[in-house]
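Remarks on the structure that follows.
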Amino acid sequence: MSVPVAATGTVGGALRIATARLAACSDSPRLDAELLLEAVLERPRSALYAHPEAILAPALAARFGALLTRRAAGEPIAYLLGRIGFWTLTLTVTPAVLVPRPETELLIEQALARLPDGRARVADLGTGSGAIALALASERPGWQILGTDLSAAALALARHNADALELGRVAWLRTRWCAGLASDGFDLIVSNPPYIAADDPHLAALTHEPATALVAGAGGLADLAAIAQQAGRCLRPGGWLLLEHGHTQGAALARLLRDAGWCEISLHRDLGDRGRVSAARRPGTTT
Ligand code: GLN
């Protein structure tokens, strides 16, 4: 499968063939091809444009071809490159964690809009690569942030990212949702839990990512419901809960939150005008 790339000889030719080959599996075939070739050549992408006539050595063409084969089989570009941009950060990612999505930046915006800088205690439940916890830490030096996950591999990666970004003050805890959290201490709890139903056809395109980070029981609502049940205990009165969810789950989640005693429940829309983040507040005196 990598032969056609090697046979083209030049950087420009390899990119054209690679782009055509990725068109069926990627929304951004040209960009994917450029990013993979940049990684193989260990040169900036601008060099691909400056010297399209450069000859691609056979060994490099073979490496590029191998990456294209994996990309064409559906592996996320982030796993192939070992990194992804999220918010203003570059994060290391591995198949042990979900690839952070741009939609999740809506959760960051909502969190930042609710609490100014200053002292605050914040938890990110199911942190994966640490994306949410670290984006918040980068914006709010005064916050004391805890990232949790059930997966030891995810926490190791989150710690690695924190060290690489010099955000070592974020704390990490291995636990399931709120099980290991102290009562009443937090001002804000955020989470992007698994929320895809086990029979959702959308999952066919996500087989390279950990199912534990994607799939939830009860038609995708089980983990959202667990957090709605547990998180109130860990927030101070007036504290906020922010949850990412699927765009069809807003009404069902609002009911779950209401039944669990939350107030000021609101739904927030992504750039595609789909409700993807719900906010709720623990009743009681605000400070
Ligand atoms: N946003 C992801 C997707 O639909 C799912 C993330 C999640 O389950 N938390 O591809």
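The values are calculated or read from the model by the stated rules, or taken from the named source; none is laboratory data. None of the values given here were measured: they were computed from a predicted structure. Please note: Cβ atoms are built from the backbone with ideal geometry, for glycine as well, and neighbour counts cover all protein chains shown. Just the protein is used for accessible areas: all its heavy atoms, side chains included, with ligands, DNA and RNA removed. Shrake-Rupley method; radii C 1.70, N 1.55, O 1.52, S 1.80 Å.
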Among (1) in a loop (DSSP other than H, G, I, E, B); (2) under 19 Å from residue 227 (Cα atoms), the one test that residue 97 misses: (2)
Hey, among the residues in the stretch 82-97 that are out of contact with any strand residue (DSSP E or B) (no Cβ under 9 Å at 6 or more places or on another chain) and more than 20 Å from residue 67 (Cα to Cα), which one's most open to solvent (accessible area, probe 1.4 Å)? 88
Six or more apart or on different chains, Cβ atoms under 6 Å: show the pairs whose first residue is in the stretch 1-28 and open to solvent by 30 Å² or more (accessible area, probe 1.4 Å) and whose second is modelled with pLDDT of 90 or more and among the polar types (S, T, N, Q). 1/69
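In the stretch 29-47, what residues are within 20 Å of the chain's Cα centre (by Cα) and open to solvent by 30 Å² or more (accessible area, probe 1.4 Å)? Please lay out each step first, then the result.
Keep residues of the stretch 29-47 that are within 20 Å of the chain's Cα centre (by Cα), which gives 31-32, 35.
Once the filter is applied, which keeps residues that are within 20 Å of the chain's Cα centre (by Cα) and open to solvent by 30 Å² or more (accessible area, probe 1.4 Å), the stretch 29-47 yields 31, 35.
So that you can scan it fast, the table gives a plain yes or no per residue for (1) open to solvent by 60 Å² or more (accessible area, probe 1.4 Å); (2) at pLDDT 95 or above; (3) within 12 Å of the ligand (Cβ to nearest atom); (4) closer than 21 Å to residue 277 by Cβ:
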residue: 150; (1), (2), (3), (4): yes, yes, no, no
residue: 155; (1), (2), (3), (4): no, yes, no, no
residue: 163; (1), (2), (3), (4): yes, yes, no, no
residue: 187; (1), (2), (3), (4): no, yes, no, yes
residue: 193; (1), (2), (3), (4): no, yes, yes, yes
residue: 196; (1), (2), (3), (4): no, yes, yes, yes
Run residue 278 past the list (1) surrounded by 16 or more Cβ atoms within 10 Å (Cβ to Cβ); (2) more than 25 Å from residue 100 (Cα to Cα) and report the number of the one that doesn't hold. (2)
Checked the stretch 68-80 for anything touching an Asp or Glu at 6+ places or on another chain (Cβ under 9 Å) and aliphatic (A, V, I, L, M); matches are 68, 77, 80
Hey, residue 141 hits all of (1) assigned to a loop (DSSP other than H, G, I, E, B); (2) within 16 Å of the ligand (Cβ to nearest atom); (3) surrounded by fewer than 14 Cβ atoms within 10 Å (Cβ to Cβ) but one; which does it fall short on? (2)
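Let's see how each residue does on (1) within 16 Å of the ligand (Cβ to nearest atom); (2) modelled with pLDDT of 95 or more; (3) β-branched (Val, Ile, Thr):
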{"position": "105", "(1), (2), (3)": "yes, yes, no"}
{"position": "116", "(1), (2), (3)": "no, no, no"}
{"position": "145", "(1), (2), (3)": "no, yes, yes"}
{"position": "205", "(1), (2), (3)": "yes, no, no"}
Among all residue pairs at least 6 apart or on different chains, which show Cβ distances below 6 Å where the first residue, located in the stretch 93-113, is of a type in the set (S, T, N, Q) and the second is assigned to a loop (DSSP other than H, G, I, E, B) and within 15 Å of the ligand (Cβ to nearest atom)? 104/192
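Would you confirm whether any residue within the stretch 223-239 is of a type in the set (Val, Ile, Thr), within 16 Å of the ligand (Cβ to nearest atom), in contact with a helix residue (DSSP H, G or I) (Cβ under 9 Å, 6 or more places away or on another chain) and open to solvent by less than 40 Å² (accessible area, probe 1.4 Å)?
The answer is no, given that none of the residues of the stretch 223-239 is of a type in the set (Val, Ile, Thr), within 16 Å of the ligand (Cβ to nearest atom), in contact with a helix residue (DSSP H, G or I) (Cβ under 9 Å, 6 or more places away or on another chain) and open to solvent by less than 40 Å² (accessible area, probe 1.4 Å).
Every residue, every condition in (1) closer than 26 Å to residue 138 by Cα; (2) touching an Asp or Glu at 6+ places or on another chain (Cβ under 8 Å); (3) of a type in the set (Lys, Arg), yes or no:
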site	(1), (2), (3)
152	yes, no, no
155	yes, yes, no
160	yes, no, no
195	no, yes, no
212	no, no, no
Can you tell me how many residues within the stretch 207-221 are more than 10 Å from the ligand (Cβ to nearest atom), closer than 13 Å to residue 246 by Cα and within 20 Å of the chain's Cα centre (by Cα)? 1
